[in-house]
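Trainee: After the structure tokens below, expect a handful of questions from me.
The values are calculated or read from the model by the stated rules, or taken from the named source; none is laboratory data. All of these numbers come straight from a predicted model, not from anything done at the bench. Positions of Cβ are backbone-derived with ideal geometry, glycine not excepted, and every protein chain shown enters the neighbour counts. Accessible surface areas use protein heavy atoms only, side chains included; no ligands, DNA or RNA. Shrake-Rupley method; radii C 1.70, N 1.55, O 1.52, S 1.80 Å.
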Amino acid sequence: MTETLTPPVTGSPLAVLFDIVATTARLTLEEERDGAETAAADHVYAAYPDTLGRVVDHDAWTGYPALHDPDLQPSAVAHLGGGLWLHHTITADADYRDVLTLLVPCTCRYGYVPSLIEDESDLQELLQELRPTGGHAVHSGDTGGPYCASTPAA
């Protein structure tokens, strides 16, 4: 036998709590953008104090909402110059950990190569590799052009 569920009685504490959640649970798009910018700036300042924390200002970040996809979290990007970008988000899984990715333009100019940055030494190693090319990724065995193995530029 199927039991019909009845909503809580109007005015009951549970009904009032449900009403509160219904009106306040969802952040506005602007609040998501602001939260993403703050999370990115805080993470970079705390986790990369000797590199990115010194050169990427809090105001450099542009936040983006999650677009109501439960698998996506709000994110933020910051331009570093020379076509390089930082992308920050927080994982949607139970860990809720910061994820920082450096987006590096290809030498072929047809796309970007994403590089996950785990810590400051990881960033410094990547920057050492990019320094001889002026901040561009070189593909080994890649001829460039329309067959570039990178992510296409938007």
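Trainee: Mind ranking 13-21, 43-51, 113-121, 84-92 by how tightly packed they are, going by the mean number of other C-beta atoms within 10 angstrom, highest first? Please report the intermediate quantities before stating the final value.
Mentor: On the way: 13-21: 11.1, 43-51: 16.2, 113-121: 14.3, 84-92: 18.0.
Going from most to least packed, we get 84-92, 43-51, 113-121, 13-21.
Trainee: Calculate, for the stretch 70-137, the solvent-accessible area per residue in square angstrom, rolling a 1.4 angstrom probe over the heavy atoms of the protein chains. Could you put the intermediate results ahead of the total?
Mentor: Working: 3870 Å² over 68 residues.
Averaged over the residues of the stretch 70-137, the accessible area is 57 Å².
Trainee: What is the ratio of the Cα radius of gyration of the stretch 8-140 to 2.2 N^0.38 Å, where N is its residue count, to two decimals? Numbers along the way, then the final one.
Mentor: On the way: Rg = 19.1 Å, N = 133, 2.2 N^0.38 = 14.1 Å.
Working it through for the stretch 8-140, the quotient is 1.35.
Trainee: Could you derive backbone 3J(HN,Hα) for the stretch 124-135 from the dihedral phi with the Karplus parameters 6.51, -1.76 and 1.60 (θ = phi - 60°), listing whole Hz in sequence and x where the residue is Gly or Pro?
Mentor: 5, 5, 5, 5, 4, 5, 7, 4, x, 9, x, x
Trainee: Next question. For His79, what accessible area in Å² do you get when you roll a 1.4 Å probe over the heavy atoms of the protein chains, rounding to the nearest 10?
Mentor: It works out to around 100 Å².
Trainee: Enumerate the calculated ³J(HN,Hα) couplings along the stretch 78-88 in order (Karplus 6.51 cos²θ - 1.76 cosθ + 1.60, θ = phi - 60°), each rounded to whole Hz, writing x wherever the residue is Gly or Pro.
Mentor: Each residue of the stretch 78-88 in turn: 9, 7, 9, x, x, x, 8, 10, 9, 10, 10 Hz.
Trainee: What does the accessible area of Asp95 come to, in Å² to the nearest 10, when a probe of 1.4 Å is used?
Mentor: Taking all protein chains as shown, Asp95 has close to 110 Å².
Trainee: Starting from the Cα of Val21, move 7 Å in the Cα-to-Cβ direction to define the label point; list residues of the stretch 62-102 whose amide nitrogen is under 18 Å from there.
Mentor: Once the point is set 7 Å along Cα→Cβ of Val21, 70 turn out to lie under 18 Å by backbone N, inside the stretch 62-102.
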